[in-house]
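Participant: Provided herewith is a single structure, encoded as structure tokens, for subsequent inquiry.
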Amino acid sequence: MVQLTLPKNSKVKEGKNHEAPKDAKKPRTFRVYRWNPDDKENPRIDSYEVDIAKSGPMVLDALIYIKNEIDASLTFRRSCREGVCGSCAMNINGMNTLACTRHVDDYKGDIKISPLPHMPVMKDLVPDLTHVYAQYNAIEPWMKTESPAPSREHLQSAKDANLLNGDDGKGPAACILCFCCSTSCPSYWWNGDRFLGPAILLQAYRWIADTRDEATGERLDQLEDPFRLYRCHTIMNCTNTCPKGLNPAKAIAEIKKLMIERKA
Ligand code: SF4
Ligand code: SF4
Ligand code: FES
């Protein structure tokens, strides 16, 4: 699947080239999108030759090596380095993914890295997530109940918990909010101001499917809208790109099914 490799704000030209030292054992070239709002210049692509024998095997290792050893100005997000925080989501050779879970050896030739597509860029590989988090807040991602609170925790059967966790651990509760899916969705590219997109709709479904939550009708009312939900046209980019192997398209289909069932 081919996606946009560069954000839409740009005329991108070639930038600096940083060559590997002559004694590099395993040099690989990374072509990285660079843009700094303070420079008042157009974006550029900088090339970095990295000795993978020194940096470590993952794409994120190479980026950290570049920042520590070659060019401290390179800016990107990362935290956990093991695929659980979602911070290092970016576009690598045309696919949205997590840099910390991708081996450099997975790629042949130059490795092209750009920010998640169709998001405003704050700097280099850092997208502005203000809008997606406002959308996340809008679905009220917390448990809502009217019944008196239990004396201890809200218990759930294993079967009900499975609706959230999935038989294979790939249920909606496993979403790490990396937004690889939403930023690969053509409907979200063009209607992201009003369409909630697959990441947020998966999260909405996580609360709809939670048998402890007592606001299902209210949650469905909130989604019953030609844009918020129904701009999904089942293109499936979201499911194909999710680096955690989740299925946001299925979650969206489940919400649509519940909409039909409650009207029947
Ligand atoms: S299935 Fe829906 S949400 Fe997923 S990429 Fe397609 S249009 Fe977007
Ligand atoms: S569904 Fe997958 S791609 Fe989308 S935000 Fe969650 S973990 Fe990331
Ligand atoms: S650094 Fe946390 S998911 Fe990559």
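Participant: Given the conditions (1) in a helix (DSSP H, G or I); (2) more than 22 Å from A89 (Cα to Cα); (3) of a type in the set (D, E, K, R), which single one is not true for R206?
Facilitator: That leaves (2) as the condition not met.
Participant: Next question. Can you tell me which residues in region 7-54 are surrounded by 19 or more Cβ atoms within 10 Å (Cβ to Cβ) and in a helix (DSSP H, G or I)?
Facilitator: Across region 7-54, the qualifying residue is only I52.
Participant: Now a separate question. Scan region 33-53 and tell me whether some residue there is in contact with a Ser or Thr (Cβ under 6 Å, 6 or more places away or on another chain), over 21 Å from D128 (Cβ atoms) and among the hydrophobic types (A, V, I, L, M, F, W, C).
Facilitator: Within region 33-53, none of the residues are in contact with a Ser or Thr (Cβ under 6 Å, 6 or more places away or on another chain), over 21 Å from D128 (Cβ atoms) and among the hydrophobic types (A, V, I, L, M, F, W, C).
Participant: List pairs: first residue in region 182-197 and at positive phi, second residue not in a helix (DSSP H, G or I) anywhere in the structure, Cβ distance under 9 angstrom, at least six positions apart or on different chains.
Facilitator: Going by the 9 Å Cβ cut-off, the qualifying pairs are G197/F179; G197/C181; G197/C185; G197/R231; G197/C232.
Participant: Considering region 155-193 alone, what residues qualify as being away from ligand 1 (no atom under 15 Å from the Cβ) and either of a type in the set (V, I, T) or within 15 Å of N237 (Cα to Cα) (or both)?
Facilitator: Result: I176, single match.
Participant: Could I ask something else about it? Examine region 162-179 for a residue that is within 16 Å of ligand 3 (Cβ to nearest atom), of a type in the set (F, W, Y) and either crowded, with 21+ Cβ neighbours inside 10 Å or over 20 Å from M95 (Cα atoms) (or both), and state whether such a residue exists.
Facilitator: yes
Participant: A follow-up question, please. If you check S147 against the conditions, is it free of Cβ contacts under 8 Å to residues at least 12 places away in the same chain, part of a loop (DSSP other than H, G, I, E, B) and surrounded by fewer than 19 Cβ atoms within 10 Å (Cβ to Cβ)?
Facilitator: Working: free of Cβ contacts under 8 Å to residues at least 12 places away in the same chain: no; part of a loop (DSSP other than H, G, I, E, B): yes; surrounded by fewer than 19 Cβ atoms within 10 Å (Cβ to Cβ): yes.
No.
Participant: Another one. Here is a check on your reading of the model: is S182 at pLDDT 95 or above, farther than 30 Å from S55 by Cα and among the hydroxyl-bearing types (S, T, Y)? I'd like the intermediate steps shown before the answer.
Facilitator: Numbers: at pLDDT 95 or above: yes; farther than 30 Å from S55 by Cα: yes; among the hydroxyl-bearing types (S, T, Y): yes.
Spelling it out, S182 is indeed at pLDDT 95 or above, farther than 30 Å from S55 by Cα and among the hydroxyl-bearing types (S, T, Y).
Participant: Related question: Identify, please: which residue in region 194-245 is among the charged types (D, E, K, R) and within 23 Å of T130 (Cα to Cα) and is, among those, surrounded by the fewest Cβ atoms within 10 Å (Cβ to Cβ)? Even if it seems obvious, please write down each step before you answer.
Facilitator: Taking region 194-245 and keeping what is among the charged types (D, E, K, R), we get 194, 206, 210, 212-214, 218-219, 221, 224-225, 228, 231, 244.
Adding the requirement that they be within 23 Å of T130 (Cα to Cα) leaves 194, 206, 219, 225, 228, 231, 244.
Numbers: R194: 11, R206: 20, R219: 20, D225: 13, R228: 21, R231: 19, K244: 17.
Among them, the one singled out is R194.
Participant: Among (1) surrounded by 17 or more Cβ atoms within 10 Å (Cβ to Cβ); (2) of a type in the set (A, V, I, L, M); (3) under 29 Å from L196 (Cβ atoms), where does I64 come up short?
Facilitator: Only one criterion in (1) surrounded by 17 or more Cβ atoms within 10 Å (Cβ to Cβ); (2) of a type in the set (A, V, I, L, M); (3) under 29 Å from L196 (Cβ atoms) is unmet by I64, namely (3).
The values are calculated or read from the model by the stated rules, or taken from the named source; none is laboratory data. All values derive from a computational prediction rather than experimental measurement. When we count neighbours, we look across all protein chains shown, and the Cβ atoms used for this are built from the backbone with ideal geometry, even at glycine.
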